[in-house]
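The values are calculated or read from the model by the stated rules, or taken from the named source; none is laboratory data. Everything numeric here is computed off the predicted structure, so don't read it as measured data. Every residue, glycine as well, gets a Cβ built from its backbone with ideal geometry; the counts of neighbours run over all protein chains shown.
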Amino acid sequence: MIMFILNFPGRKMKAGFKIKVSFLAVFFCGLFIPLGYPGQVFSVNAVDSLGEWRREVVTGREAVSTNKALAKSEIQVYIEEPGKYQLFAYIHHNWRKAVPCVYAEVVNDKGVLYQGYHRIENIWYLDGESPGRWFMVSLTQGSFWELPKGKMTIRFWAGAKAAVWDDSSGQMESSISVDKFFFVPVCPSGKDSNSAWLIYPEAGDGNWNISDYQSEYATNLAKSVKRGQTLSIPAKVPSSGRYRLWAAVFSPEDNKLGITFRGKSYKRKVGVDIKGRDIWSEIIAGPVYLDKGECRIILEHLGQGEILVDYLIIFSEVSPDRRY
Amino acid sequence: MRKFAKIINILIAVLFIFRPSKDKAEAGKPSADETKYSSVMVSLDKKTGLIEPVKIKVVTSKVSVIKGIDLYAMTRQAIDALGGMKTIVKKGDRVFIKPNYITGGLDGHDPVSAGEIAHPEVVASVAEECVKAGAKEVVIGEWVERPIKINFGGKEGKDGAQVQRLVDLLNKKYGHKIFLINLMEHTTYFRYFPSRTKLNFLAIPDLVADADVVISIPALKTHHKPSPVSLGLKNFMGVMPSSLYGEPRYKLHHAGLHQVIVDINKAIQPDLVVVSAAFGMEGPGASLFLGGKAVDVSKRIGGALVIAGRDPVATDATATRIITKDWDPVPANPDLGTPWYVNHIRMAAEQGLGNLDSSKISIIGEQLDNVKMNWERSDDNVYPELPGEKDESRI
């Protein structure tokens, strides 16, 4: 868009004016990361935030980090579909004694809508050499947040507690990093509601290598190094409908992943291209129509070289219901 | 003609009594306030000779208390005394078993003899009974945030997961029907159930919420604040996602742990509780790390115990009575006893989850007086939890 404006062939548009227009376009179109339905992105990269947290690559992930208590950063999002959401964050730490605590608040033009936090258990159980661990945690206080449509800001900061049961503040032992935020909708399903959780590839069967803890990437993951290798992961679909599959993947070179959804009476296959990067990235597959009940998600390596999968999420295209 | 009317009425009554129950998955689990502990009786109208089906509240809940050495057989006996697993598990059912395995062996010791976790033989025996009754799938699970190697007596046990070996043997015998899993890695979604706490709703993993039959297998334990005992009802704290509620679930503690325990049980509606009591833990409980002291039950009463019941409140109340012989104070009404001063057990009874009153609990097997023990209570003044007191969390 910037290039289009800058290259606009009008004589009357001076260079300075073109630049101003470009900035305005960026401001209005790109400042807010849209979240919503159908088929909208529901993850937000923390590196798009502004503030005191610094950008860095942490165990292969682009993240923002801080070792300063109460240092704040914020990121702006646009909620297209109002409804109930859980706010998750993928967080890394390497603390052995103190308890890292991450706080978040959602703010719009009416002020602070919600505040939440999560204390993450320190990783006393990992050996001293390991580079810590990534955790997916909910920053939502209460069961969910009911968010209105419109632009809002996620403001986040970190702190330390001396112990899980101790409310008094402690010393920041080292850095805390955030890779992504997820707005996971709480969807109505018959009489009740549900929300998606992660699908861990290590729950699967097949000829991918499963690792309960891979120190290079500080997480548990599944790895395929050869074309044709498959991994069949059990999953459940809460209600029939159209779903997309979100996955955290790592592939140093351009690659292709086949994803088959196999239920009792259906089999649907989609292919996803992975752009080669030396950091973790995300892919979104679908939408596909899935029947309620058990299904298998079968990953098939259709390219060359290695593909790593950290976690997957299936999310419905049904818009979250505001009524309860 | 009158005879014919009588026969017709008897037939109607019989059909009413044995009417097919609605499929649980289709009908949805009954609400906690429904008369789970009710049954149907027939009464004869002497004037007309007509038989009327009458729905009444059952006054007693059965709890079996079996003492012995062979835990595997004792567990089977305890279940048989309740009518057998076939009265609980139907052909094709999906069963979820929640053993208390979440805390144990954190220092690399054997968590079984330390009394920290349910005995693997009790867990395996229950799982086998489920398979024999026709279960399609038996999932034994906990929500554990730590790496899998320290689950289920992994690092905790001397040689890795102790129950895994028994599960492997059963799977060889019956086909691969029993799964030992970490709920964190096998949950696709959460289902939301109402809560009376400020949380308003609780998120329960699909494998638990959607199971046809749910069974709790706690170890017999006293516990530190905020609960004097940790048994079948409290055991379900371990299915709650720490990714949402924190490890160790401090957000649930903040919300008011006692009501949270009741709400989880209302949502799950456990079908059976089997208390593993070969070894247990007294004092602050939960784990050696937290100051709990191992109890070898055989050394106290000459044999191990298995306590089982379909009423989770009655089972917990009975187990509480067994280990709190000389605890004081107790309520003036002796039928209430020490369980009345355990907040979540009393609240569960008050909210219709089952019977706490000893006059409404029928004990099968050992007489309670023969197996009552005086376990050391936690030193943090957690007992008694008096009615009306603030629902105090640990933090």
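Go through (1) polar (S, T, N, Q); (2) under 16 Å from A:Leu312 (Cα atoms); (3) out of contact with any His (no Cβ under 6 Å at 6 or more places or on another chain); (4) more than 14 Å from every other protein chain (Cβ to nearest Cβ) for A:Ser232 and report which single condition fails.
Against the list (1) polar (S, T, N, Q); (2) under 16 Å from A:Leu312 (Cα atoms); (3) out of contact with any His (no Cβ under 6 Å at 6 or more places or on another chain); (4) more than 14 Å from every other protein chain (Cβ to nearest Cβ), A:Ser232 comes up short only on (4).
Could you check A:Ala247 against (1) within 29 Å of A:Pro188 (Cβ to Cβ); (2) surrounded by fewer than 22 Cβ atoms within 10 Å (Cβ to Cβ) and say which number it fails?
In the conditions (1) within 29 Å of A:Pro188 (Cβ to Cβ); (2) surrounded by fewer than 22 Cβ atoms within 10 Å (Cβ to Cβ), A:Ala247 misses (2) alone.
Is it the case that region A:88-96 has a residue that's touching a Ser or Thr at 6+ places or on another chain (Cβ under 8 Å), under 17 Å from B:Pro241 (Cβ atoms), buried (at least 21 other Cβ atoms within 10 Å of the Cβ) and facing chain B (nearest Cβ under 10 Å)?
yes
Just give me the residues in region A:165-203 being among the polar types (S, T, N, Q) and either within 10 Å of chain B (Cβ to nearest Cβ) or in contact with a helix residue (DSSP H, G or I) (Cβ under 9 Å, 6 or more places away or on another chain) (or both), in sequence order.
A:Ser177, A:Ser189, A:Ser193, A:Asn194, A:Ser195
For region B:326-336, indicate whether the set of residues that are in contact (Cβ under 8 Å) with a residue 40 or more places away in the chain and crowded, with 22+ Cβ neighbours inside 10 Å is non-empty.
So far as region B:326-336 goes, no, none of its residues is in contact (Cβ under 8 Å) with a residue 40 or more places away in the chain and crowded, with 22+ Cβ neighbours inside 10 Å.
Looking only at region B:212-227, which residues are in a loop (DSSP other than H, G, I, E, B) and either crowded, with 24+ Cβ neighbours inside 10 Å or at positive phi (or both)?
Within region B:212-227, B:Pro218, B:Ser227 meet the criteria.
Could you go through region A:91-99 and let me know if any residue there is in a strand (DSSP E or B), touching a strand residue (DSSP E or B) at 6+ places or on another chain (Cβ under 7 Å) and at pLDDT below 95.
Yes, that holds for at least one residue.
Pick from B:Gly302, B:Gly292, B:Gly337, B:Gly309: which is within 29 Å of B:Ala255 (Cβ to Cβ) and out of contact with any Leu (no Cβ under 9 Å at 6 or more places or on another chain)?
Answer to the selection: B:Gly292.
Quick one: B:Val273 ticks every box in (1) in contact with a Pro (Cβ under 8 Å, 6 or more places away or on another chain); (2) surrounded by fewer than 22 Cβ atoms within 10 Å (Cβ to Cβ); (3) of a type in the set (Val, Ile, Thr) except a single one, so which number is it?
Status for B:Val273: all satisfied but (2).
What's the number of the only condition in (1) within 14 Å of chain A (Cβ to nearest Cβ); (2) under 20 Å from A:Tyr200 (Cα atoms); (3) outside any strand (DSSP E or B) that B:Gly238 fails to meet?
Status for B:Gly238: all satisfied but (1).
Just the residues that are buried (at least 22 other Cβ atoms within 10 Å of the Cβ), within 12 Å of chain B (Cβ to nearest Cβ) and in a strand (DSSP E or B), please, taken from region A:137-164.
Hits for region A:137-164 are A:Val137, A:Ser138.
I'd like to verify a number: residues in region B:352-387 that are in contact with a helix residue (DSSP H, G or I) (Cβ under 7 Å, 6 or more places away or on another chain) and at pLDDT below 95, how many?
Matching residues across region B:352-387 total 5.
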